[in-house]
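**Q** So that we are looking at the same thing, I have put the structure below in structure tokens.
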Amino acid sequence: MQSSRSAIVIGAGIVGLATARALALRGFSVKVFERSDRAVGASIRNFGMIWPIGQPGGKMYDRAIRSREIWSALSQKADFWSEPAGSLHVAYHPDEWLVLQELAEIFRKEGRPVQLLDKASVTAASPAVVPNGLLGGLYSRDELIVDPREAIAALPGWLSCQLKVEFCWGKCVSYISDQTVYIGNEEEHQADLIFICNGADFETLYPEIYSKKPVTKCKLQMMRLASQPTDWRIGPALCGGLSLTHYNSFKAAASLPLLKQRYAEEMAAYLEWGIHVMMSQNGRGELTVGDSHEYGLTHDPFDKEFINRMILDYLRTFVQVKDWSVIQTWNGIYTKLTDGEPDLFFSPEPYVYVINGVGGAGMTLSFGLAEELVEGL
Ligand SMILES: Cc1cc2nc3c(=O)[nH]c(=O)nc-3n(C[C@H](O)[C@H](O)[C@H](O)COP(=O)(O)OP(=O)(O)OC[C@H]3O[C@@H](n4cnc5c(N)ncnc54)[C@H](O)[C@@H]3O)c2cc1C
């Protein structure tokens, strides 16, 4: 049933956009306040990997699949590039290969579209995988790639045209009280419900409540390599062995602790800087490469050149590309929950809700999460 209630969403990153969409589809009249002239936070700085394979089976995997469904539909409707490329994790050591075999078995039982590939099938699936020493790979059909810069820029236009969401750019919400948001001292707006989707800014709104929540910030370094020669596509998004230590869904593999032990002995510096290495390709043929993970409430703004070098060194062990020119480097910061929960949802005062803490999976989970939260209200 249609409602004529109003809602304000603060933040036009993926969490804010997904929340605005879910509210508008439930009949709310929605305004989004974004402090910048366009979103420039974590949501445009990521790989653009919609990544169900990283989510544990059950509720989280289902949420990721629902989000992917929405991404695919929106890519058509809002006219931004996406590719159902799938993912390919590759193994060069027997312990990595064993983990992939265990995961293939577990994922198949969960009904996921995965396939264990031998060396010849891996190199047939991707011309970018280094064949020397390759033992095999785990291919999954679930993963979708978008270019986050294009997608996050395109979505507001579609939301305003199709769902009448109003975007107020360059408006930093500095205070909230009694269903009213204040933009500095001279502007205020009221709504029935207010959703705060402010990403890694814990300092502006309800800092006293955030200071008691299990939150920190994670800084990641990323790179973009030049557009590759026309028609040279990597196929699936590619991940090396280190990524097996990164995602929750991989913890189900019985031999993962042994693999981690070898990495701790042989690649301690990679673990210290939270480096695991993945690569996706966008519609223009450019390659997005990352990343590292540093944790803390305050990060220095400078990138560490040695981290980028370590990422590229590791990438070269399993990937061959046509053009290695690095055309951009940057970092991104997201909210990381320290209690292991997948997201943070709380109400600091009546009719006001905070949605945050989706960590390294915001592109993968936000559309599904926002639908669930809005439906649950
Ligand atoms: C390098 C990197 C790689 C990643 N790779 C992936 C990936 O491949 N797949 C995946 O699923 N996830 C990935 N992630 C995670 C994903 O990007 C984040 O989970 C997601 O972008 C978080 O979205 P958000 O909307 O909470 O934050 P943001 O995108 O940071 O948006 C928050 C917005 O709120 C605005 N804002 C804050 N305070 C106010 C205020 N007071 N008033 C008005 N506006 C305000 C900010 O300006 C900002 O635009 C990656 C993240 C990084 C950094």
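Values in this text are rule-based calculations from the coordinates and carry no lab data. Treat the numbers as computed from the prediction; the structure is a model and nothing was measured. Counting neighbours? That spans all protein chains shown, and the Cβs are built from the backbone with ideal geometry, glycine included.
**Q** Tell me the Rg and the Dmax, in Å, that the Cα atoms of the range 42-168 produce.
**A** In order Rg, Dmax, the Cα atoms of the range 42-168 give 17.4, 55 Å.
**Q** Here is a further query. Below 8 Å, C-alpha to C-alpha, sequence gap of six or more: please give me the relative contact order for the chain in percent.
**A** Result for the chain is 26 percent.
**Q** Of M363, M267, M60, which is the most mobile in a GNM of the chain whose springs link Cα atoms less than 10 angstrom apart?
**A** Sorting by GNM fluctuation, first place goes to M267.
**Q** Relative contact order of the range 123-265: what whole-number percent is it, with Cα pairs under 8 angstrom and at least 6 residues apart?
**A** Reported as a whole number, the value is 20 percent.
**Q** Another question, then. Using modelled amide H (1.01 Å from N, peptide plane; none on Pro or chain starts), what sits under 5 Å from the amide H of S29, excluding residues fewer than 5 places away?
**A** Close amide H contacts, sequence-distant or interchain: R5, S6, A7.
**Q** Out of all DSSP beta bridges with both ends in the chain, state the antiparallel percent to the nearest 5.
**A** Working: 49 of 68 bridges.
Percent antiparallel among DSSP bridges in the chain is about 70.
**Q** Which chymotrypsin sites (Phe, Trp or Tyr not before Pro) in the range 177-257 sit in a loop by DSSP (not H, G, I, E or B) and have at most 15 other Cβ atoms within 10 Å of their own Cβ?
**A** W232
**Q** Right, something else. Bin all alpha-carbon pair distances of the chain at 20 Å intervals from 0 and give each bin's fraction as a whole percent.
**A** Bin by bin from 0 Å, the calculated values are 29, 57, 15, 0.
**Q** Taking every pair of alpha-carbon atoms in the range 245-335, give the share separated by more than 20 Å as a whole percent.
**A** On the way: 1866 of 4095 pairs.
Taking all Cα-Cα pairs of the range 245-335, the fraction more than 20 Å apart is 46 percent.
**Q** Loop only by DSSP, 16 or fewer other Cβ within 10 Å of the Cβ. Give me the trypsin sites (Lys or Arg not before Pro) in the range 194-278 that pass, ordered by residue number.
**A** K212, R233
**Q** Report, in whole Å, the centroid distance computed from the Cα atoms of the range 279-357 and the range 26-65.
**A** Each part reduced to its Cα centre gives a spacing of 14 Å.
**Q** Net charge near D147: determine it from the other residues with C-beta under 10 Å of the C-beta of D147, scoring Lys and Arg +1 and Asp and Glu -1. It would help to have the intermediate numbers written out before the result.
**A** Numbers: positive: R149, R284; negative: E83, E150, E286.
Counting the neighbours of D147, the net charge comes to -1.
**Q** Ok, one more. Over 31 Å between Cα atoms, which of K77/K109; K164/K212; K59/K260 qualify?
**A** Those over the limit are K77/K109; K164/K212.
**Q** For the range 141-220 and the range 240-275, what is the centre-to-centre distance using only Cα atoms, to the nearest Å?
**A** 34
**Q** Note down the relative contact order for the range 325-377 as a percent, whole number, built from C-alpha pairs under 8 angstrom at least six residues apart.
**A** Across the range 325-377, relative contact order equals 28 percent.
**Q** On full extension of the chain, what length is gained from K322 through L297, given 0.36 nm per residue of separation minus the C-alpha to C-alpha distance?
**A** That pair, K322 and L297, stretches by 5.1 nm at full extension.
**Q** Do any trypsin sites (Lys or Arg not before Pro) in the range 1-80 lie in a loop, going by DSSP, with at most 14 other beta-carbon atoms within 10 Å of their beta carbon, and if so which?
**A** Taking the range 1-80 and a limit of 14 other Cβ atoms within 10 Å, the loop trypsin sites (Lys or Arg not before Pro) found are R5, R38.
**Q** Right, something else. Starting from the Cα of D178, move 7 Å in the Cα-to-Cβ direction to define the label point; list residues of the range 341-359 whose amide nitrogen is under 19 Å from there.
**A** 348-353
**Q** Need the list of aspartates and glutamates near K304 for cross-linking: C-alpha distance under 15 angstrom, and skip anything on the same chain fewer than eight residues off.
**A** Of all the aspartates and glutamates, those that pass the test against K304 - Cα under 15 Å, at least 8 places apart if same chain - are E272, D291, E294, D313.
**Q** Lys and Arg at +1, Asp and Glu at -1: add these up for the other residues within a Cβ distance under 11 Å of V9 and post the number. All intermediate terms of the calculation are to be shown ahead of the outcome.
**A** Numbers: positive: R21, K31; negative: E34, E166.
Around V9, the charge tally is 0.
**Q** Running a GNM on the chain with Cα contacts under 10 Å, which residue among T204, T216, T329 ends up with the highest mean-square fluctuation?
**A** So, out of T204, T216, T329, the one fluctuating most is T204.
**Q** Find how much the distance from R262 to C161 grows on full extension, using 0.36 nm per residue of separation minus their present alpha carbon separation; answer in nm with one decimal. All intermediate terms of the calculation are to be shown ahead of the outcome.
**A** On the way: separation 101, 0.36 × 101 = 36.36 nm, distance 5.33 nm.
Value of the extension gain: 31.0 nm.
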